[in-house]
Structures are given as structure tokens and as C-alpha cells.
Amino acid sequence: MILSSTKELKDKGFEQILDFFRKKSLWMLHYCTGCGAVELPPTMTSRWDMERFGMGPMATPRQADLLLITGYLSVKSLKRVIYTYEQMQEPKWVIAFGSCPINGGIYYDSYSVINRLALYLPVDLSIEGCMPRPEAIIDGFTKLMKAIEKGEAVGYKKYKENYEWYKKNQREVLERTTPVL
Amino acid sequence: MEQKELIEHIEKNFKYKKEIKVIDGKQFTITVEKDKVLNLLSFLKLIDFKQLALITAVDWIDEKKFEIVYILFSYSHIQQILVKTFVDRDNPQVETVKNLWDVASMYERDVHEFFGIDFIGNDDLRPLILHNWKDLPPLRKDFDSLKYSNKMFGKFKKDEEI
Ligand code: SF4
């Protein structure tokens, strides 16, 4: 990545350099409540060996860059996910696994599982499948890396800009005071 | 005791109206009137049915009844008994069994939350599992889960923009 002028260097060059390094060292925090979590151990360990991409598991949200939502989210765990997400340092990205966080998946008619994660948190990447195979997961990760390098994965900035909108949606399900039906 | 002896023993010593049905070699059900549940359960506890494995309920909406099921297990007889009783759906109330088994107070909270059945004498029926629930208890048959989900979490449409 060669920068053409000093002005460009000043404007976004620095950020670009940072992005280049960021994509090479992603620490992920996996929120393993859904069934999709089962596919993560083989992805992490020797069979598919995720660490060759510079990715590794991290124990605390404060030091993680990636939040993996591995499947369905009940209202109760949504609350915890939001806490976790807001604790993470920027830059941070969210990956949603499987069809459940996209449209509810097989829980589309459940009274306790949310249908669409993108209403409550900025999702940078969704990996379809019920559940996605390690190949699909790694494919998703490489896509995210490319997006980070190009500076396109800016979910956390979107979250800050549209904070009110996200909060409104979150409050609608978490702090309801009247019956729905 | 073998299952046969056990049933004979219960038939002989528990005099109130009841109906015993054998499911298989290890399980049978006893159906009793609502106000005799406590008598039966304490009787069964005396003959070594020490473990209350579960309290649950079934919603028979057409018959306007809730069926409450107590599942008991005995380690010495190696038998499982399902004690069943029916309560009125419009006014669902039974007496608590938390004085017989401590664990019952949790099961009763659970059944209260998901079916709206009141357990008289159990003063701790706070919500246990659901988050901030304001509607009908969700496992009742007249609760429309799909409609709730669409209204609450948004219906998924194909060309919708986020
Ligand atoms: S998408 Fe499938 S595998 Fe993933 S959480 Fe939903 S039901 Fe489970």
C-alpha cells in the first residue's frame, strides 16, 4: 500500500496503515449461546487452524475486536450482548452466525428469541447457514478482513451516529411497559 | 417393591378416589381430585418416593382445564409415578407442595410464569425465566406466538432496507 501524496497521508493514510495491521490481528470474543458455537472449536483448532490468519480467542470484551454472535439470541441474552458490545474498545466489529440473527431462522415464531440482530446492533457481516461450516466461517472472516483493509467495515461508527435509533429499538424490547398483543 | 405390589399397596392404603394407569414397567400415573393431591403426595413420600423430579402443566383448552403433573421418583423401588390432577382453567389454583419438597418452590414459580397457575401458600411466585413479560403466559394455548413475534421483533420482509 503506497500512498501518493503527503495530503493523503495526513487525511487517511495513517488510518489505512492502522487498518492494515488491524486486519492481521483480530481477537474475537465469542458469545456462545446459540448452536452455531459448535463449529467454532474445529475452526480454532488444528483441523482448520484459524490462527494462521492471526485470529485468536480473547477472554475479555475490553481487549477484543470481534464480537461473534453464534446463533439465536433470546431477549434476556440480548441485554447482555449489548452490555458486552458497549464495553468493547473501538474499533470493533460484530459477526452474526447462522440464519437466526438474520431473520429468526427456525425461531421465527418464538416469543423469546429476537428475529433480527441488525435492529439492535450494527452487524458487519452475516454468515448464512444453519449452521455455517468452518469453511464458510473462514470465508466470512477473510471477507471481513478485506472490508477492514478497505475501510468499509465501519459498523461501530454507524452505531455512534445512529445511537438514538439503536437505543430506541433496544428499549422497545427490553423495557416494555405495556402488553404487545 | 415391584410395580404390581406397589400399585396394590397404594390401592389398599390410599382410600380416596383415584385412577391408576400403568405406562410401562417403570412408570405409572395416578390421577386424583385437586384437593387430594397433597394427601397423595405425602403418602407417596412416606413410601419412599423421595424425589420430586418435576412439576409441569398441560393446557387442555377445549375442556377448559389445566392438567398439573407431579413427577416422583424412588431410588429404592426404581419406579416413576406421575401424579396428575385437573384444575379449572378460568380459576387455576392448587395448594403448594413446597413444604414437602423445597425444590417445589422453583418448579411452582416456573409453572406460574408459563401457565399462570396460582399455588396457594407459595408466596414467592416472582418471574423466573422471562425478561420483563407483560402478556398472557406464553405456554397457554390461546397465546399466539407467531403474532407476538412479528409484532415485537419485526416481521422479516424481503426487500426491506435496514
Ligand atoms: S441458525 Fe441454526 S444452527 Fe444457528 S443458532 Fe439458529 S438454529 Fe442454531
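Charged neighbours of B:LEU100, selected by a Cβ distance under 13 Å, balance to 0 (K, R count +1; D, E count -1). Mind telling me which of A:GLU39, A:GLU164, A:GLU86 comes out most flexible in a GNM of chain A, alpha-carbon contacts under 10 Å? Result for chain A, Cα springs under 10 Å: A:GLU164 fluctuates most. Of all the accessible heavy-atom surface of the range A:24-175, with the other protein chains kept in place and a 1.4 Å probe, what percent is carbon and sulfur? Percent of accessible area from carbon and sulfur atoms in the range A:24-175: 52. For a label point 7 Å from the Cα of B:LYS36 along Cα→C-beta, name the residues of the range B:70-103 whose backbone N is under 13 Å from it. So the set is B:84-86. When the P(r) is computed for the protein assembly as shown, the part past 26 Å accounts for 62% of the Cα-Cα pairs.
The label point for A:TRP27 and the one for B:LYS155, both projected 7 Å from the Cα toward the Cβ, are 4.5 nm apart. Between chain A and chain B, the total buried accessible area stands at approximately 2400 Å², from heavy atoms with a 1.4 Å probe. Each of A:VAL180, B:GLY116, A:ILE69 was placed along the dipole of the protein assembly as shown (beta-carbon charges, centred on the mean Cα), and the one lying farthest toward the positive end is A:ILE69. Measuring only protein heavy atoms, the 1.4 Å probe finds B:LYS34 accessible over about 90 Å². Based on the Stokes-Einstein relation at 20 °C and a viscosity of 1.002 mPa s, and on the Kirkwood radius from alpha carbon pairs, the range B:3-155 is assigned a translational diffusion coefficient of 128 µm²/s. Per residue, chain A exposes 52 Å² of solvent-accessible protein surface, assessed with a 1.4 angstrom probe and all protein chains in place.
From the alpha carbon centroid of the range B:7-53 to that of the range B:90-162 is 28 Å.
Note on exposure: A:MET131, A:MET145 ranked by accessible area (1.4 Å probe, complete protein assembly) read A:MET131, A:MET145, with the most exposed listed first.
Taking the Cα centre of the protein assembly as shown as origin and assigning +1 to Lys and Arg Cβ atoms and -1 to Asp and Glu Cβ atoms, the resulting dipole is close to 640 debye.
Working from label points 7 Å from Cα in the Cα-to-Cβ sense, the B:ASP144 to B:LYS50 distance is 5.1 nm.
Dividing the helix sum by the residues of chain B, where each DSSP H run of 4 or more adds -39500 (n - 2.57), gives a mean residue ellipticity at 222 nm of -7500 deg cm²/dmol. Go through the range A:157-181 and flag every residue whose accessible area shrinks by 50 Å² or more with all protein chains in place compared to the isolated chain (probe 1.4 Å). At a threshold of 50 Å² (probe 1.4 Å), the residues of the range A:157-181 that become less exposed are A:ARG176, A:VAL180, A:LEU181.
Set the Förster distance to 25 Å, then compute FRET efficiency between A:THR178 and A:GLU86 from the Cβ-Cβ distance, nearest 0.05. Write down the numbers at each step before the final one.
On the way: r = 26 Å, r/R0 = 1.06.
According to the calculation, E is roughly 0.40.
For chain A, the longest principal axis of the alpha carbon atoms and the long axis of helix A:163-174 meet at an angle near 30°.
Shown are A:CYS32, A:CYS100, A:CYS130, whose ranking by accessible area with a 1.4 Å probe and every protein chain present, most to least, is A:CYS130, A:CYS32, A:CYS100.
The values are calculated or read from the model by the stated rules, or taken from the named source; none is laboratory data. Keep in mind that this is a model prediction, so the values were computed, not measured. So basically every Cβ, Gly included, is an ideal-geometry build from the backbone, and we count neighbours across all protein chains shown. Ligands, DNA and RNA are excluded from the accessible area calculation, which covers all protein heavy atoms including side chains. Shrake-Rupley method; radii C 1.70, N 1.55, O 1.52, S 1.80 Å.
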